[in-house]
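> Below is the structure I would like to discuss, written out as structure tokens.
The values are calculated or read from the model by the stated rules, or taken from the named source; none is laboratory data. Treat the numbers as computed from the prediction; the structure is a model and nothing was measured. Using ideal geometry, Cβ is built from the backbone for each residue, glycine included, and neighbour counts are taken over all protein chains shown. These accessible areas exclude ligands, DNA and RNA; they are computed on the full protein's heavy atoms, side chains included. Shrake-Rupley method; radii C 1.70, N 1.55, O 1.52, S 1.80 Å.
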Amino acid sequence: MGSARPALFALVLVLLLFWSVLPPTVGQGSTGHLVVSTDYELFGTSDLRGGGHVTWTLTGDKATDLRMKILHMFDEYPTIPRGFTFAFASPGTANHNSRLDATEGVRYTDLLEDLLEASGRGTSAQYVEMYPFDLRDKVSDAATSFNRSTDGLAGTDANATAPVEIRFLFEANITTTEGRVPLATGALVNALYEGFSYRAVQSPSLAGSGAYPGSWPFLPENGWHVTTVGGRQAFWAGNDTTSRYDNNVDASSSTSADPALAAGLPFDFRFASRAWATFNYTGTVNGPGDYLRIEYAHPPAYTDWTNLSFGASANLPSTAPGVWSSETVNLTRLLGQTARLRLRFHSDTAGTASGFYVRDFDVRAPASYTGEVVESDTHYLIGTLSFWGPSVDRGGINLIRTPGGELLTYGATWDPPNVPSDSIYFRTFDVPENPQVLFGVMLVACYAISRLQEGAYQRFRDSYPAEYRPRVYRAKWFHRAGKAGIGVLILFYFVPTALWVIGIRAVVTGLIYWILSLTLVLMLGFVTRTYYKRHLGEAPPPVVEEEVTVVRKIISPAPSPEASPVVGHCTHCLKEIHESDRTYRCTCGALFHFSCASGLMRCPNCRKPIAAGVLSERKQVSLRCESCGELQTVFEGTDPRALTCANCGGRLRHLDVGKRYLIVANNPAIAITWMRDLVKGGKPALIMTHAAPERLRLEFGVKKAPIVQISERASGAIAPKDLDPAGLRAILPFAREGKGGAILYDGLDEVIAEGSLADVIRFLRKANDMAFVHGVTVIARVTPGRLADADLKRLNGEFDEFLDLSAQL
């Protein structure tokens, strides 16, 4: 499980990063929606420059609506009429084939680019200005560029139902170096529609020119004409001689959307999302039989004239003499249609009055997006800049911080009249928030936590005598907490919005990260150091007078071994202890041969450390450094793998993975230690031994490795003569895992004594070949003096290396 924890942490970090750059969930509008996806790719220090991409994607009815707007304007009009945003522009081929050809679509995207570029001013959004714009896949042929940069437009007609996608690229530079900037923006939403907006405004002076009369969009006809009233020009249906309207009049003045193109061209409300008309007027009539109405009719006959309303009445109300009033007429019922308007003045025969003077007539039919907008912005910024202090109520942000810069994603779903007020603070350089500075803080804090904890443990371990150090364990919870703290620092550096995953809308800003780093160093580093320092006094002294006294008591004189009576059995080897043997008695009463006690760190009965006086009597032996060949003097019983060569600084001895070793040692301690080193990181291990598995686990702390007993007498054990094939079957699943690992054959001398050398060698030849093929390291141990030299030599022939550690453990 040791290797699984960092792997799990890495997986969590990768998932968080992956989640951070995912686009927001698309809305579920039943009639379709608009997705505006923008990425900004900027780099620099105080002045960031670069570019980016914007993609508009419309689905459902929204895609159909935009497609039909483009089709109506660019396939039907030979010249776009006056009043439209694209007035007088050529719409391309305009071949009236009810199909959107690539050349017509190219003209739309060209005019869209002009709108976005705003005569060189560009489009401002958030903290950048975008200019210029182009189709994303720009090639020499305009039609090819259009086909490659759009979907759902080229070749479509009124029956098409596919989504529409338009892809642009742009250049950009920042407009501010510091300040709070909005995250949600509608600047790119309505750009698709602004070109279809319409407005027809009468001249303030009612002075016309060319094909456009001063009363346009109404034509001077049927008694309607321009006159002067109150010092200003006005449109009127009266008698200039009498300054009153005549009896029995029915004067109608109709509209023309663009007289320069066609006198009967109607208003086109198919592009508008709203429509209304306003005008100023003054006047009065003589009785209910006289009135002014505004009416509309549809092409081609224009005979279905229908009243529009002024509030609750279709008749324009009178004003006080000389008082000008403003009126608004709702044209919503005309949306999606073409129609003509007319001013109709009617009088009966019952009398006359001044009539109505009309001026400043203004028809407005703006085109804008209505419905659900899904905004998805990604900011790839390289430099010293930083984002912090977000205020996000309706959308969602994800921030990734790297030593090179920051990546910010923002997503929100909204409708155009209600743009979210979400914002974030942006600055090109801010010491507490700077990603490069914070990266250094992360490295220093992680190193400090690791170094302080490891240093505290090493000082604690070094306070013990050398004999006890292999059994001095770490305070696992402190060190695990240290690793967790380092993981938290790494996580919150790279993903300061990681808490949003669990629904906590908080961002770990630079200032918070500084405080968090300092707090974790103090808590995990110095608290661990204080903990170990407090426990330094618990280390057993290397020589204690009381223990020396105990040692002197337990080491008995050595009379003649003949006829020496038996005084007990060794707790370690279970053999008889004679009165003449050198012995050691633990404080719990357990009795040992002195040679057995000198090879143990703790009593297997009570787990107390073996008295230092016993261990200090071990002899010094010489070992040759495996790396440089220099002879070193060490105490017997010391693991050479744990010692450093004074000449070259390397380890005195190490095992090579995948080789086969035969060692001669008094007990399994060193073999088990080597096996543990070989299987660190979760690799498998297997022990085949003559000893009882429970005893091996108790004395040497073997917890997870499976143990197979080889004995004639033990229940459930494999008999030595049955090693082939019973022993091979036990090894086969282990070897087939293909993960390397180690196998320990412990006490082969005991197995040979119960069976035969031939049985063991036959088994080893097959088992060792199987281990070699699968990269498994093999360690076999025999007790010194138990095998004849010839037998030991034959046994050694099945191994790669022979290690005589009889003077050690």
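> Count, please, the residues in the stretch 151-200 that happen to be closer than 20 Å to Phe84 by Cα and either in contact with a Lys or Arg (Cβ under 6 Å, 6 or more places away or on another chain) or hydrophobic (A, V, I, L, M, F, W, C) (or both).
Of the residues in the stretch 151-200, 8 are closer than 20 Å to Phe84 by Cα and either in contact with a Lys or Arg (Cβ under 6 Å, 6 or more places away or on another chain) or hydrophobic (A, V, I, L, M, F, W, C) (or both).
> Of Gly238, Gly223, Gly230, which residue is open to solvent by 40 Å² or more (accessible area, probe 1.4 Å) and under 19 Å from Thr349 (Cβ atoms)? Please lay out each step first, then the result.
Values: Gly238 fails: open to solvent by 40 Å² or more (accessible area, probe 1.4 Å); Gly230 fails: under 19 Å from Thr349 (Cβ atoms).
Only one candidate qualifies: Gly223.
> Regarding Glu194, is this residue of a type outside the set (Phe, Trp, Tyr) and in contact with a Gly (Cβ under 8 Å, 6 or more places away or on another chain)?
Working: of a type outside the set (Phe, Trp, Tyr): yes; in contact with a Gly (Cβ under 8 Å, 6 or more places away or on another chain): no.
Taking the combined requirement at face value, the residue does not satisfy it.
> Can you list the strands (runs of 3 or more DSSP E) lying wholly within the stretch 229-335 that have 2 or more residues being aromatic (Phe, Trp, Tyr)?
By residue number, 232-236, 276-284, 291-297.
> For the stretch 56-76, give me each residue that is open to solvent by 20 Å² or more (accessible area, probe 1.4 Å) and under 26 Å from Leu169 (Cβ atoms).
Thr57, Thr59, Lys62, Asp65
> Pull up the stretch 44-55, narrow it to residues that are modelled with pLDDT of 95 or more and over 17 Å from Ser124 (Cβ atoms), then point me to the one that is least open to solvent (accessible area, probe 1.4 Å).
This residue is Thr55.
> I'm trying to understand the selection: among the residues of the stretch 170-187, which are surrounded by fewer than 21 Cβ atoms within 10 Å (Cβ to Cβ) and out of contact with any Pro (no Cβ under 9 Å at 6 or more places or on another chain)?
The initial filter retains those residues of the stretch 170-187 that are surrounded by fewer than 21 Cβ atoms within 10 Å (Cβ to Cβ), namely 171, 173, 175-182, 185-187.
Hits for the stretch 170-187 are Asn173, Thr175, Thr176, Thr177, Glu178, Gly179, Arg180, Val181, Thr185, Ala187.
> Quick one: is Gly355 at pLDDT below 95 and either under 57 Å from the mean Cα position of the chain (by Cα) or within 15 Å of Gly289 (Cβ to Cβ) (or both)?
So Gly355 fails the test.
> If only one of Thr103, Thr79, Thr93 is β-branched (Val, Ile, Thr), under 25 Å from Trp216 (Cβ atoms), out of contact with any His (no Cβ under 8 Å at 6 or more places or on another chain) and open to solvent by 10 Å² or more (accessible area, probe 1.4 Å), which one is it? Give the steps one after another, and end with the answer.
Numbers: Thr103 fails: under 25 Å from Trp216 (Cβ atoms); Thr93 fails: under 25 Å from Trp216 (Cβ atoms).
Being β-branched (Val, Ile, Thr), under 25 Å from Trp216 (Cβ atoms), out of contact with any His (no Cβ under 8 Å at 6 or more places or on another chain) and open to solvent by 10 Å² or more (accessible area, probe 1.4 Å) holds for just one of Thr103, Thr79, Thr93, which is Thr79.
> If you don't mind, another one. Going by the structure shown, is Ala314 of a type in the set (Gly, Ala, Ser), open to solvent by less than 50 Å² (accessible area, probe 1.4 Å) and under 53 Å from the mean Cα position of the chain (by Cα)?
Working: of a type in the set (Gly, Ala, Ser): yes; open to solvent by less than 50 Å² (accessible area, probe 1.4 Å): yes; under 53 Å from the mean Cα position of the chain (by Cα): no.
Spelling it out, it is not the case that Ala314 is of a type in the set (Gly, Ala, Ser), open to solvent by less than 50 Å² (accessible area, probe 1.4 Å) and under 53 Å from the mean Cα position of the chain (by Cα).
> Take Thr338 and decide whether it is β-branched (Val, Ile, Thr) and open to solvent by 50 Å² or more (accessible area, probe 1.4 Å).
Against the criterion (β-branched (Val, Ile, Thr) and open to solvent by 50 Å² or more (accessible area, probe 1.4 Å)), Thr338 does not qualify.
> Between a residue in the stretch 282-311 that is under 29 Å from Gln233 (Cβ atoms) and any residue that is aromatic (Phe, Trp, Tyr) and in a loop (DSSP other than H, G, I, E, B), which pairs come within a Cβ distance under 6 Å, given they are 6 or more apart or on different chains?
Thr282/Trp324; Glu295/Trp305; Ala297/Trp305
> Filter the stretch 577-608 down to the residues that are touching a strand residue (DSSP E or B) at 6+ places or on another chain (Cβ under 9 Å), over 18 Å from Arg695 (Cα atoms) and of a type outside the set (A, V, I, L, M, F, W, C) and list them by number.
His578, Glu579, Asp581, Arg582, Thr583, Tyr584, Arg585, Ser598
> Being basic (Lys, Arg) and closer than 30 Å to Ala481 by Cα narrows it down to one residue among Arg459, Arg427; which is it?
Going through Arg459, Arg427 in turn, just one is basic (Lys, Arg) and closer than 30 Å to Ala481 by Cα: Arg459.
> Limited to the stretch 497-545, what total is found for residues that are hydroxyl-bearing (Ser, Thr, Tyr) and either at pLDDT below 85 or crowded, with 18+ Cβ neighbours inside 10 Å (or both)?
6
> I've got another one for you. What pairs come up if the first residue lies in the stretch 81-92 and is at pLDDT below 90, the second is of a type in the set (S, T, N, Q) and open to solvent by 60 Å² or more (accessible area, probe 1.4 Å), and their beta carbons are under 6 Å apart, counting only those six or more places apart or on different chains?
Gly92/Thr103
> Could you tell me which residue of the stretch 111-133 is nearest to Thr79 (Cα to Cα), considering only residues that are open to solvent by 50 Å² or more (accessible area, probe 1.4 Å) and among the charged types (D, E, K, R)?
Once the filter is applied, the top-ranked residue is Asp114.
> Output the number of residues of the stretch 748-779 satisfying the condition of being crowded, with 24+ Cβ neighbours inside 10 Å and either in contact with a Ser or Thr (Cβ under 6 Å, 6 or more places away or on another chain) or farther than 16 Å from Lys683 by Cβ (or both).
Residues meeting the conditions: 6.
> Ok, one more. Among the residues of the stretch 697-710, are any in contact with a helix residue (DSSP H, G or I) (Cβ under 7 Å, 6 or more places away or on another chain) and over 25 Å from Arg602 (Cβ atoms)?
yes
> Take Ser98 and tell me if it is in contact with a Leu (Cβ under 8 Å, 6 or more places away or on another chain), over 19 Å from Phe168 (Cα atoms), open to solvent by 20 Å² or more (accessible area, probe 1.4 Å) and not in a helix (DSSP H, G or I).
Judged against the criteria, Ser98 is a match.
> Now for a separate question. Suppose we filter the stretch 412-443 for residues that are of a type outside the set (S, T, N, Q), farther than 16 Å from Val508 by Cα and touching a Ser or Thr at 6+ places or on another chain (Cβ under 8 Å); how many remain?
Of the residues in the stretch 412-443, 6 are of a type outside the set (S, T, N, Q), farther than 16 Å from Val508 by Cα and touching a Ser or Thr at 6+ places or on another chain (Cβ under 8 Å).
> Condition test on Arg480, is it open to solvent by 20 Å² or more (accessible area, probe 1.4 Å), more than 30 Å from Thr384 (Cβ to Cβ) and modelled with pLDDT under 90?
no
> From Pro390, Pro417, which residue is closer than 30 Å to Thr370 by Cα, open to solvent by 60 Å² or more (accessible area, probe 1.4 Å) and outside any loop (DSSP other than H, G, I, E, B)?
Pro417
> Residue by residue through the stretch 493-523, note down the ones that are assigned to a helix (DSSP H, G or I), over 19 Å from Leu443 (Cβ atoms) and either touching a Ser or Thr at 6+ places or on another chain (Cβ under 6 Å) or without any contact (Cβ under 8 Å) to a residue 12 or more places away in the chain (or both).
If the condition is that a residue be assigned to a helix (DSSP H, G or I), over 19 Å from Leu443 (Cβ atoms) and either touching a Ser or Thr at 6+ places or on another chain (Cβ under 6 Å) or without any contact (Cβ under 8 Å) to a residue 12 or more places away in the chain (or both), then Leu499, Ile502 are the ones that fit.
> Turning to a different aspect of this structure: What's the number of the only condition in (1) open to solvent by 60 Å² or more (accessible area, probe 1.4 Å); (2) at pLDDT 75 or above; (3) under 46 Å from the mean Cα position of the chain (by Cα) that Met675 fails to meet?
Against the list (1) open to solvent by 60 Å² or more (accessible area, probe 1.4 Å); (2) at pLDDT 75 or above; (3) under 46 Å from the mean Cα position of the chain (by Cα), Met675 comes up short only on (1).
> Related question: One residue is enough: does the stretch 784-802 have a residue meeting the conditions closer than 24 Å to Ala669 by Cα, without any contact (Cβ under 8 Å) to a residue 60 or more places away in the chain, charged (D, E, K, R) and open to solvent by less than 10 Å² (accessible area, probe 1.4 Å)?
No, that holds for no residue.
> A further question follows. Regarding Ser598, is this residue of a type in the set (S, T, N, Q), in contact with a helix residue (DSSP H, G or I) (Cβ under 7 Å, 6 or more places away or on another chain) and at pLDDT below 75?
yes
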